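Following: one structure in structure tokens, then a few remarks.
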Amino acid sequence: MAVGQAKLSYRRNTLSDFNPNLWKTISIWLKLVADEALDLHKTEFHLISNFEIRTGIVAKLRSADGETALAKVVSEMKLLAKRAPASCQPYAGEVLAADNTILGVLLARMRVQDGIPSDPAEQAPMFAAKLNLPESIAAFVIRGLRGWVQEQAEAKFATKEPAWLEREAFCEELCRLNALHFDRRLI
């Protein structure tokens, strides 16, 4: 299972150490792990930002290699949670209260993608290979996927549900959009 959280911002540092979005995301993921009894060893958590993340705990997390480095990141995250401003509470408090082992495994399963452009035309070369698409249709498919994700999220928000999207549903929509474009080319 893959769980994702995308952060689009027009300010740099969207995932700085004391940005509420970072703390809220991690607390949501910790709650998801507790409530859904996810197998952490079979789940990935994707944190995506349109700006490059060069400093702070997220940058350290990305470069943490091995258990010792990861344990250091967990300790530093707990220290940051103690100093977190009011804008980050209660999320930082939930991270502070989390079991170190569970937090460590969650952070180890976190994948950070940054510097993602917001324009689908700019994203096309980057995602064409990842989505196994020819570059000629990548922008079309990316635009369609973005619209589909927005519709799915809005439908969940309307019923006050968390906007979790299943990987299988995403793959089905990807295949549908891919086939739709190829059908148009054949006509």
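The values are calculated or read from the model by the stated rules, or taken from the named source; none is laboratory data. Just so it is clear, the structure is predicted and the values come from calculations on it, not from any experiment. Cβ atoms come from the backbone with ideal geometry, glycine included; neighbour counts cover every protein chain shown. SASA here: full protein model, heavy atoms, side chains in, ligands and nucleic acids out. Shrake-Rupley method; radii C 1.70, N 1.55, O 1.52, S 1.80 Å.
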Item to check | Condition broken by His181, with the remaining ones in (1) at pLDDT 80 or above; (2) farther than 30 Å from Thr55 by Cβ; (3) touching a Phe, Trp or Tyr at 6+ places or on another chain (Cβ under 9 Å) satisfied | outcome: (1)
Next on the checklist: Residues that are in contact with a Pro (Cβ under 6 Å, 6 or more places away or on another chain) and either without any contact (Cβ under 8 Å) to a residue 60 or more places away in the chain or within 30 Å of Asp65 (Cα to Cα) (or both): does region 111-131 have at least one?
Outcome noted: yes
Item to check | region 84-104, subset in contact (Cβ under 8 Å) with a residue 60 or more places away in the chain, assigned to a helix (DSSP H, G or I) and surrounded by fewer than 17 Cβ atoms within 10 Å (Cβ to Cβ), residue farthest from the chain's Cα centre (by Cα) | outcome: Ser87
Checklist entry - Only one residue in Ala34, Ala71, Ala121, Ala129 is outside any strand (DSSP E or B), open to solvent by 50 Å² or more (accessible area, probe 1.4 Å), hydrophobic (A, V, I, L, M, F, W, C) and at pLDDT 90 or above, so which one is that? => result Ala71
Checklist entry - If the Cβ limit is 7 Å and pairs must be 6+ apart or interchain, which residue in region 26-37 that is touching a residue at least 60 places away in the same chain (Cβ under 8 Å) and of a type outside the set (A, V, I, L, M, F, W, C) pairs with which residue that is part of a helix (DSSP H, G or I) and open to solvent by 60 Å² or more (accessible area, probe 1.4 Å)? => result Ser27/Tyr91; Ser27/Glu94
